[in-house]
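A quick write-up on the structure given underneath.
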Amino acid sequence: GRLLDGARTCLREYGVPDDDQDVIWTAGAFELPAVAAAAAESGRYGALIAIGCVMRGETPHFEYVAEEVARGLGAVAREHRVAVGFGVLTTDSPAQAFARAGGEAGNKGYEAADAALRTADLLAQLSRAPSGD
């Protein structure tokens, strides 16, 4: 929730009205790439912001999920040429997560939104750039 609050604060600061923001919940972090791909394919979004948290446990499951989420979201950005802000925390403890979700380490939801909006703007500029022919 604190990551979402941070992302929405950033969007408002950039002038994106709440009515132009969709929040799509997934069952977990692993599902983010598939849902992001569907959102990108819809053509409705100028930018996507993926936020969540994968916390290390007692098994290697953490590595598999964190790696696949990062790889999958990167693939969505490249394949669909859409800005994808990466705000998925990978932490060892709840304390680390809270520190990065509005605590002493900032708010990675805000930072992901900022990166997504800046990247969307840059992609738009590049698509309008003369080809040089």
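The values are calculated or read from the model by the stated rules, or taken from the named source; none is laboratory data. In this text, all values refer to a predicted model and were calculated from it rather than measured experimentally. Reconstructed Cβ throughout: ideal geometry from the backbone, glycine too, with neighbour counts over all protein chains shown. What goes into the accessible areas is simple: the full protein's heavy atoms, side chains included, and nothing from ligands, DNA or RNA. Shrake-Rupley method; radii C 1.70, N 1.55, O 1.52, S 1.80 Å.
Here is how the numbers come out for the structure above:
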quantity: Rough spin-label spacing in nm, given labels placed 7 Å along Cα→Cβ, for H61 and Q125; calculated: 4.4
quantity: Crossing angle, helix 2-13 versus the chain [Cα axis fit, 0-90 degrees, rounded to tens]; calculated: 20
quantity: Helix 108-128 axis, angle to the chain major axis (alpha carbon atoms, nearest 10°); calculated: 20
quantity: Surface per residue (accessible, 1.4 Å probe) for region 84-133, Å²; calculated: 59
quantity: Listed candidates (i) 11.0; (ii) 10.3; (iii) 9.2 - label of the one calculated as mean projected area of the Cα convex hull in nm²; calculated: (iii)
quantity: Percent accessible area from carbon and sulfur atoms, the chain, protein chains only, probe 1.4 Å; calculated: 53
quantity: Most positive-pole-ward Cα, L126, F98, G109, against dipole of region 90-130 from beta carbon charges; calculated: L126
quantity: Pair A38, E104: separation of 7 Å Cα→Cβ label points (nm); calculated: 4.1
